Amino acid sequence: MEELSRTYEVIDNFLQPTVFDKMKKTIMGNYFPWFHYDEIVRENEHKKDLTFYSMHMLYDNDRPTFSNSFEIMDPVLGELMKLDDPKFRMNTLIRVKINNYPNQGKFREHTMHTDWPSKGGLNRKACLFSINTCDGYTKLDNGKESVKIDSKANRAILFDPTIPHCSTNTTNDTRRVNINFNYF
């Protein structure tokens, strides 16, 4: 089993500040549409722990889902295509969704999951891009070791989405917001 430290990379200040500020203003704005989900990972998760979140799908099934999807995604996509490390460089986009985990008055670590099954030797990749700084985190766990990576505005976590991982909500802000890019 590969060491966990070799399966991810953290890049702070991933976007230029002016580009990031424009993206954040759009996503965190009062007119940005969110869609409520009772479960974050598994069915009946809500009933067990009252866990829920809102999500906005930007890209799925080989197409953008909203007229402004590319306007929001393009800055990060451009950086992903320019990465030096082929282990994390983007070639083909699969899915992009924005996650909005509300402060529920209690800190919650969500269910461990993988974004994609590990089959067929496909080199699946992910970038989890943080929109705001808060006490939430992303946890990666390969069964032997785990690492928690803090939610920090303009931070990109590049990782193998076939490795189990989980998200959290926040207790020191109104919500934790990030964008999940899945790609080859």
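List of remarks:
- Going by accessible surface with a 1.4 Å probe and the largest first, MET23, MET28 read MET28, MET23.
- Residue order by solvent-accessible surface for TYR53, TYR37 is TYR37, TYR53, largest first, with ligands and nucleic acids left out and a 1.4 Å probe.
- Measuring against 30 Å, Cα to Cα, the residue pairs LYS25/LYS144; LYS22/LYS139; LYS24/LYS144; LYS22/LYS144; LYS24/LYS139 contain LYS25/LYS144; LYS24/LYS144; LYS22/LYS144 as the ones spanning a longer distance.
- Sum of side-chain charges, SER167 neighbourhood, beta-carbon under 10 Å (Lys, Arg +1; Asp, Glu -1): +2
- The relative contact order of region 64-159 comes to 21 percent, based on Cα pairs under 8 Å that sit 6 or more residues apart.
- Relative to the globular-protein estimate of 2.2 N^0.38 Å, the Cα radius of gyration of the chain stands at 0.98.
- Under the criterion of Cα pairs below 8 Å and six or more residues apart, the relative contact order for the chain equals 28 percent.
- Convex hull volume of the Cα atoms of region 98-184, normalised per residue: 85 Å³.
- In plain terms, the bigger the Kirkwood radius, the slower the diffusion; for region 67-146, with that radius from Cα pairs, at 20 °C and 1.002 mPa s, Stokes-Einstein puts D at 138 µm²/s.
The values are calculated or read from the model by the stated rules, or taken from the named source; none is laboratory data. Quick caveat: nothing in here was measured; it's all calculated off a predicted structure. Glycine also receives a Cβ, built like all others from the backbone with ideal geometry; neighbour counts cover every protein chain displayed. Quick note on the areas: whole protein, heavy atoms, side chains included, nothing else; ligands and nucleic acids left out. Shrake-Rupley method; radii C 1.70, N 1.55, O 1.52, S 1.80 Å.
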